[in-house]
1. Which whole-Hz ³J(HN,Hα) couplings does the stretch 46-63 yield from phi under the Karplus relation 6.51 cos²θ - 1.76 cosθ + 1.60, θ = phi - 60°, glycine and proline marked x?
2. Write down the percent of antiparallel bridges among all DSSP beta bridges whose residues are both part of the chain, to the nearest 5.
3. Provide the net charge surrounding residue 98, with neighbours chosen by a C-beta distance below 13 Å and charges set as Lys +1, Arg +1, Asp -1, Glu -1.
4. For residue 14, what charge total do you get from the other residues with a beta carbon under 12 Å from its beta carbon, if Lys and Arg give +1 and Asp and Glu give -1?
5. Given labels modelled 7 Å from the Cα in the Cβ direction, how far is it in nm from residue 68 to residue 104?
6. Match the structure shown to one of the listed values [x] 30, 27, 24; [y] 35, 34, 22; [z] 69, 46, 32 of Cα extents along the principal axes in Å, computed from it, and give that label.
7. Give the long-range amide H neighbours of residue 80: residues separated by 5 or more places, or on another chain, with amide H under 5 Å away, using H modelled in the peptide plane at 1.01 Å from N.
8. With each pseudo-label sitting 7 Å past Cα toward Cβ, what's the residue 56-residue 36 distance in nm, one decimal?
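Just so you know, all these numbers are worked out from the coordinates, no wet-lab data involved. The shown structure was predicted, so the numbers you read here are calculated from the model rather than taken from an experiment. As a convention, Cβ positions derive from the backbone with ideal geometry for all residues, glycine included, and neighbour counts pool all protein chains shown.
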Amino acid sequence: MGLETDQRIEGGTVTVTVSGELDLFVGDQFGAALEAAEMTGAPLLQVDISGVPFLDSTCLGLLVGSAKRLNAGDRKIAITGAQPGVMKIFTMMGLTPVLDVRPAGESCG
């Protein structure tokens, strides 16, 4: 299954919706989607991962890097729609205190 991304801007939020497995093989594509969203200058980047059944350390690193860049500019990132298995990865890696990660069914804002 390939990676699909979609970007939309509404108010002060740019949302990147992602579908497919986030792993080493799609890291460049995912990183480019995050960078394009960052370039909009929106105060909030929401990454909707409700269509993501799996993510690896490559893509976790891309999310952390994006968060660092955004936080340095007084902007924020919210990761929404995490399925239980994906939420477990964020928790096990100790990233929930660092990243605003919300499980499926919990909205941002």
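1. 9, 10, 8, 10, 4, x, 10, x, 7, 9, 10, 5, 4, 6, 4, x, 5, 5
2. 30
3. Local net charge: +1.
4. -2
5. Here the answer is 3.1 nm between the modelled labels.
6. [x]
7. 47, 48, 49, 102
8. 2.3
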